[in-house]
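To keep things clear, I will list the structure first and then write my remarks on it.
Quick note: the coordinates plus some simple rules give every number you see, no bench work behind them. Keep in mind it's a predicted model, so treat the numbers as computed, not measured. Neighbour counts are summed over all protein chains in view; Cβ atoms, including those assigned to glycine, are modelled from backbone coordinates with ideal geometry.
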Amino acid sequence: MRKSHRYTIQKRVVINMIGGNAIEGVIVDQRGPLLIVKGAQLHEQTADQPAHIDGEALIDVSHIDFIQAF
């Protein structure tokens with residue numbers, strides 16, 4: 001079964017990745033298995049502060065553990 005994250009488009013989210021890191025931003029589109037996130041910040045497990053991601057972040061849904069929508 002294909003996962004769909006369409007309900008989160010245009011919402012501020014934290015995307016928790018299977019590897020333990022997270023991406024915070026606004027999902028603006030989904031193209032096939034990719035979520036397009038703008039205004040993204042990378043929250044790494046080992047970092048004290050999030051890192052700003054320039055441009056758009058493309059995230060393959062197969063790497064997502066869960067999404068928190070605000």
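Would you tally the net charge around Gln68, using a Cβ to Cβ cut-off of less than 11 Å, leaving Gln68 out, and scoring K and R as +1, D and E as -1? Summing Lys/Arg as +1 and Asp/Glu as -1 gives 0. In the set [x] 16, 14, 11; [y] 19, 13, 10; [z] 25, 12, 9, the label that goes with semi-axes √(5λ) of the Cα gyration tensor in Å computed for this structure is [y].
With θ taken as phi - 60° and the Karplus curve 6.51 cos²θ - 1.76 cosθ + 1.60 applied, the whole-hertz 3J(HN,Hα) list for region 60-68 is 6, 4, 5, 9, 8, 7, 7, 10, 9 Hz, x standing for glycine and proline. Normalising by residue count, region 29-70 has a Cα convex hull of 95 Å³ per residue. Its relative contact order, with pairs defined as Cα atoms under 8 Å and 6+ residues apart, puts the chain at 33 percent. Taken one residue at a time, the phi angles of region 34-39 give Karplus couplings (6.51, -1.76, 1.60, θ = phi - 60°) of 9, 9, 9, 10, 10, x Hz. Gly and Pro are set to x. Label-to-label distance for Asn21 and Glu56 is 2.0 nm, based on points extended 7 Å past Cα in the beta-carbon direction. For region 16-26, 3J(HN,Hα) computed residue by residue from phi via the Karplus equation (6.51, -1.76, 1.60; θ = phi - 60°) reads 8, 8, 4, x, x, 7, 9, 10, 10, x, 10 Hz, glycine and proline entered as x.
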